[in-house]
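Here's the structure we're looking at; comments come further down.
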Amino acid sequence: MTIALGADHAGFEVKQAILRSLQSQNIDCIDYGTYTEDSVDYPDFAHPVANAVEKGAADFGVLVCGSGNGVCITANKHAGIRAALCWTSELAKLARNHNNANVLCVPARYISKKMTGNIVNTFLNSTFDGGRHATRVNKISC
């Protein structure tokens, strides 16, 4: 499994914690930045992560910004992306089970690093239920 990671300045520390956790689990990661806490624009990191997932260079993406909204909106502009903003493990599980989400977006300013780790692990270890949910997911693309 390969995970594409990206964050803006507000999500930098959380992204680093996610990166360390995934690497400790021997999960391959592609880190698209940012690499410091200097102010940056979140689309500059959300687009490369979305592209990596869309083109198959990564199985899933994880994006982090202050609220999670900016990176989520940006990623969802890509046709092959189903990005989900999740702030609990239950939402992450449902995003995978019911929506076949392929990019997880988390709000760095509103949840702890520990909670974020649980959310990421839940997201990556959950599967799409298919069935009636597949019919709905197939109606998403324009």
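No value in this document is a laboratory result; all are computed from the given coordinates. Quick caveat: nothing in here was measured; it's all calculated off a predicted structure. Virtual Cβ from ideal backbone geometry, glycine too; neighbours counted across all protein chains shown.
Here the Karplus curve 6.51 cos²θ - 1.76 cosθ + 1.60, taken at θ = phi - 60°, turns the phi angles of the stretch 96-104 into couplings of 6, 4, 9, 10, 6, 4, 10, 9, 9 Hz, with x standing for Gly and Pro. In this structure the amide hydrogen of VAL62, modeled in the peptide plane, comes within under 5 Å of the amide hydrogens of ALA4, LEU5, GLY6, LEU104, none closer than 5 places in sequence on its chain. Using the Cβ-Cβ distance between ARG132 and LEU91 with R0 = 25 Å, the FRET efficiency computed as 1/(1 + (r/R0)^6) comes to roughly 0.80. Here, the stretch 2-137 yields an orientationally averaged convex hull projection of 7.1 nm² when only Cα atoms define the hull. When peptides 90-96, 133-139 are sorted by average Cβ neighbour count within 10 Å, with the highest value leading, the order is 90-96, 133-139. Residue pairs exceeding 27 angstrom between C-alpha atoms, taken from LYS55/LYS93; LYS93/LYS139; LYS114/LYS139; LYS15/LYS55; LYS77/LYS114; LYS55/LYS113: LYS114/LYS139; LYS77/LYS114; LYS55/LYS113.
The phi-based Karplus calculation (6.51 cos²θ - 1.76 cosθ + 1.60; θ = phi - 60°) puts the 3J(HN,Hα) values of the stretch 20-26 at 4, 5, 5, 5, 5, 9, 6 Hz, whole numbers, x for Gly and Pro. The Cα atoms of the stretch 36-113 give a gyration tensor whose axes a ≥ b ≥ c have a/c of 1.5 or more with a/b no greater than b/c, which makes the shape oblate. If both residues of a DSSP beta bridge must be in the stretch 1-81, then about 0% of such bridges are antiparallel.
Between GLY33, GLY61, GLY80, the Gaussian network model of the chain with springs among Cα atoms under 10 angstrom shows the greatest mean-square fluctuation at GLY80. Computed from the Cβ-Cβ distance with R0 of 22 Å, the FRET efficiency linking ALA79 to ASP41 stands at 0.50.
The label-point distance for GLU13 and ASN118, in a model that sets each label 7 Å from Cα toward Cβ, rounds to 2.0 nm.
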